[in-house]
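Presented below is the structure to which this report refers.
Just so you know, all these numbers are worked out from the coordinates, no wet-lab data involved. All values reported here derive from a predicted model rather than from experimental measurement. Note that we place each Cβ from the backbone using ideal geometry, even for glycine, and neighbour counts take in every protein chain shown.
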Amino acid sequence: MENILLDTMFDLPGMDGVEEVVINGEVVEGNAAPLHIYCGQT
């Protein structure tokens, strides 16, 4: 799991408004990037 999230853990502190990171089967298999869910800030 750490290898899957390594890039996200590095980038996340500099990303404003990310509320959730979604990991699905495609991400685990290396076919997609984690999905970033942003909060509804205005």
Legend entry - Phi-based couplings in Hz for the range 15-27 (Karplus 6.51, -1.76, 1.60; Gly and Pro marked x): 9, 7, x, 6, 9, 7, 10, 9, 10, 10, x, 5, 5
Legend entry - Proportion of all alpha-carbon pairs of the chain beyond 12 Å (%): 60 percent
Legend entry - Nearest-ten-degree value, helix 2-11 long axis tilted from longest Cα axis of the chain: 30 degrees
Legend entry - Charge dipole (debye, nearest 20) of the chain; +1 at Cβ of Lys and Arg, -1 at Cβ of Asp and Glu: 40 debye
